[in-house]
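Participant: Have a look at this one before I ask anything.
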Amino acid sequence: MKNIKTGLIVAILSIASIANATVLTVSNLGGSQYANIYDAYNAAVNTDTLMVEGSATTYAQNSFLWSKQLVVIGSGINSNKQNFVPTYFGNFSNNAGCFLFGTGGEGSIFYGITFISTINPGNIVSIQFEDCLFNARVGVDNTNITNWSFKNCVFAPHDADNFYFNGCTITNLSISNCIFNGWLHNYNYYIASNFIIDHCLFLTLTAAFPTDAGSGCFMNTTIKNSIFVNLTSLGNCFGTGMNFTNCISYNSVGNGVTQYNNLAFANYVIASNWSTSSDFHPTAPSAIFGGADDGTDIGVHGGSAHFSERGEPLNVNIIRVLNVTNTAAPNGTLNVNITAGKPNDQ
């Protein structure tokens with residue numbers, strides 16, 4: 001039995017799972033419509049979907065601003081399927097080391113992408129990320145961020161900036177059911193309106209909201225239904241309108257956060273970093289159960305986002321196994337065995 005060419009998996013998945021949209025398949029391994037992200041992007045028009053296969057080779061293109069409204073679907077964070085490889089996005093801009101948005105990119109949605117370069121909003125509104133992994137920070141540096149949302153994502157840099165705010169205005173920023181391995185860094189004063197962090201998990205060993213030499217503090221920011229696992233201090237970068245609701249922590253951190261030093265998860269060691277083997281389902285007995293303001297659990301497995309450590313895009317079916325059973329096909333016929341199902345959600 002041998003594996004079928006992986007590019008075909010993307011093609012079958014797109015045909016089977018996406019309706020009423022033009023779907024363009026992308027693989028730098030071959031076997032798809034486009035061999036690189038730049039050609040697929042150029043061929044796409046607003047509202048098209050790009051299905052981008054996982055590959056050890058990063059999808060990147062210099063001097064490239066993301067300036068179209070597209071849906072992008074990658075392979076997820078840690079999918080439970082045959083020969084899983086993440087879909088890596090790198091430098092897509094004329095600003096070295098950044099994934100930078102340009103005018104026209106409003107309304108884009110990214111599912112299951114691993115970003116290895118800093119995300120720069122570029123003043124573009126209404127961008128959505130789901131089941132994505134960020135190996136670099138989101139840098140809101142002298143740009144504004146409006147109507148952005150992050151759901152079921154992991155911010156991987158440990159004890160480092162996960163978000164960096166400097167000289168900006170934040171309006172309607174939603175971060176839900178996400179894991180932070182580092183902190184939110186507000187270097188310079190900004191105006192915030194409706195900044196909500198909900199059902200999240202903080203694993204940083206240091207302050208989640210630290211103060212530095214800058215002049216900024218978080219304002220009009222609500223952190224709720226979240227867990228601070230390792231830190232001994234929330235920090236002191238707190239401004240007017242910043243509040244914590246229904247949050248718990250392993251250590252005593254103040255600010256209305258309830259200490260609960262019996263926190264335990266299915267597969268996680270206190271004071272360690274996030275890994276692909278982590279499992280943050282709480283184990284009984286726990287104050288997490290039913291403690292959120294919506295009656296669900298506190299932390300990433302509460303709420304309605306359907307967080308899963310697998311981080312599989314929730315809008316497509318997943319082909320778990322695809323094998324060719326005949327070693328030769330003299331008549332052009334392949335015998336294929338396929339195992340598929342819905343994505344992991346919880």
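The values are calculated or read from the model by the stated rules, or taken from the named source; none is laboratory data. For clarity, every value in this text was computed on a predicted model and none was experimentally measured. FYI the Cβ positions are ideal-geometry reconstructions off the backbone, even for glycines, and counts take in every protein chain you see.
Participant: Got a sec? Which of Thr211, Thr204, Thr240 is β-branched (Val, Ile, Thr) and in contact with a His (Cβ under 9 Å, 6 or more places away or on another chain)?
Facilitator: Thr204
Participant: Of Gly235, Gly216, which residue is out of contact with any Ser or Thr (no Cβ under 8 Å at 6 or more places or on another chain), in contact (Cβ under 8 Å) with a residue 40 or more places away in the chain and farther than 16 Å from Ser174 by Cα?
Facilitator: Matching residue, one of Gly235, Gly216: Gly216.
Participant: Further, regarding this structure: Consider Ile113 against the criteria (1) modelled with pLDDT of 95 or more; (2) more than 19 Å from Leu29 (Cα to Cα): it satisfies all of them except one. Which criterion is unmet?
Facilitator: Against the list (1) modelled with pLDDT of 95 or more; (2) more than 19 Å from Leu29 (Cα to Cα), Ile113 comes up short only on (2).
Participant: Tell me, yes or no, whether the range 84-102 has at least one residue that is touching a residue at least 12 places away in the same chain (Cβ under 8 Å), among the small types (Gly, Ala, Ser), closer than 30 Å to Lys342 by Cα and touching a Pro at 6+ places or on another chain (Cβ under 6 Å).
Facilitator: no
Participant: Out of all the residues in the range 227-238, is one or more part of a loop (DSSP other than H, G, I, E, B), among the aromatic types (Phe, Trp, Tyr) and either within 20 Å of the chain's Cα centre (by Cα) or at pLDDT 90 or above (or both)?
Facilitator: Checked the range 227-238: no residue is part of a loop (DSSP other than H, G, I, E, B), among the aromatic types (Phe, Trp, Tyr) and either within 20 Å of the chain's Cα centre (by Cα) or at pLDDT 90 or above (or both).
Participant: On to the next question. Pick from the range 146-167 the residues that are polar (S, T, N, Q), modelled with pLDDT of 90 or more and surrounded by fewer than 24 Cβ atoms within 10 Å (Cβ to Cβ): which of them is farthest from His199 (Cα to Cα)?
Facilitator: Among those residues, the one meeting the criterion is Thr146.
Yes/no per residue for (1) hydroxyl-bearing (Ser, Thr, Tyr); (2) in contact with a His (Cβ under 7 Å, 6 or more places away or on another chain); (3) modelled with pLDDT of 90 or more; (4) assigned to a loop (DSSP other than H, G, I, E, B):
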position: Ala56; (1), (2), (3), (4): no, no, yes, no
position: Gln69; (1), (2), (3), (4): no, no, yes, yes
position: Val85; (1), (2), (3), (4): no, no, yes, yes
position: Asn94; (1), (2), (3), (4): no, no, no, yes
position: Leu100; (1), (2), (3), (4): no, no, no, no
position: Thr103; (1), (2), (3), (4): yes, no, yes, yes
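Participant: Right, here's the next one. Restricting to the range 253-262, and then to whatever is closer than 12 Å to Ile227 by Cα and free of Cβ contacts under 8 Å to residues at least 24 places away in the same chain, can you tell me which residue is surrounded by the fewest Cβ atoms within 10 Å (Cβ to Cβ)?
Facilitator: Across the range 253-262, the extreme among qualifying residues is Asn261.
Participant: Looking at the range 168-182, which of its residues are among the β-branched types (Val, Ile, Thr) and buried (at least 22 other Cβ atoms within 10 Å of the Cβ)?
Facilitator: Across the range 168-182, the qualifying residues are Ile170, Ile175, Ile179.
Participant: Quick check on my filter: what residues within the range 72-117 are closer than 16 Å to Pro157 by Cβ and over 14 Å from the mean Cα position of the chain (by Cα)?
Facilitator: Gly90, Gly97, Cys98, Phe99
Participant: Identify, by number, the condition in (1) closer than 20 Å to Phe180 by Cα; (2) at pLDDT below 95 that Asn326 doesn't meet.
Facilitator: (1)
Participant: Can you name every residue in the range 273-315 that is β-branched (Val, Ile, Thr) and either within 21 Å of the chain's Cα centre (by Cα) or exposed (fewer than 13 other Cβ atoms within 10 Å of the Cβ) (or both)?
Facilitator: Hits for the range 273-315 are Thr276, Ile298, Val300.
Participant: May I pose another question? Which one of Asn46, Asn42, Asn80 is surrounded by fewer than 16 Cβ atoms within 10 Å (Cβ to Cβ) and within 25 Å of Thr143 (Cα to Cα)?
Facilitator: The unique qualifying residue is Asn46.
Participant: Report whether or not Phe265 is surrounded by 16 or more Cβ atoms within 10 Å (Cβ to Cβ) and in contact with an Asp or Glu (Cβ under 8 Å, 6 or more places away or on another chain).
Facilitator: Spelling it out, Phe265 is indeed surrounded by 16 or more Cβ atoms within 10 Å (Cβ to Cβ) and in contact with an Asp or Glu (Cβ under 8 Å, 6 or more places away or on another chain).
Participant: In addition: Which of the residues spanning the range 183-236 are in contact with a Pro (Cβ under 6 Å, 6 or more places away or on another chain) and either more than 20 Å from Pro157 (Cα to Cα) or surrounded by fewer than 24 Cβ atoms within 10 Å (Cβ to Cβ) (or both)?
Facilitator: Gly235 - this is the single residue of the range 183-236 that is in contact with a Pro (Cβ under 6 Å, 6 or more places away or on another chain) and either more than 20 Å from Pro157 (Cα to Cα) or surrounded by fewer than 24 Cβ atoms within 10 Å (Cβ to Cβ) (or both).
Participant: Please verify whether Ile127 is under 19 Å from Trp66 (Cα atoms), at pLDDT 95 or above and among the β-branched types (Val, Ile, Thr), treating the condition exactly as stated.
Facilitator: yes
Participant: Restricting attention to the range 168-195, report how many residues are modelled with pLDDT under 90 and hydrophobic (A, V, I, L, M, F, W, C).
Facilitator: 3
Participant: Checking Thr204 against (1) β-branched (Val, Ile, Thr); (2) in a strand (DSSP E or B); (3) closer than 18 Å to Val300 by Cα, only one condition comes out false. Which one?
Facilitator: (2)
Participant: Then there's this: I'd like to verify a number: residues in the range 118-133 that are under 13 Å from the mean Cα position of the chain (by Cα), part of a strand (DSSP E or B) and closer than 18 Å to Phe195 by Cβ, how many?
Facilitator: 3
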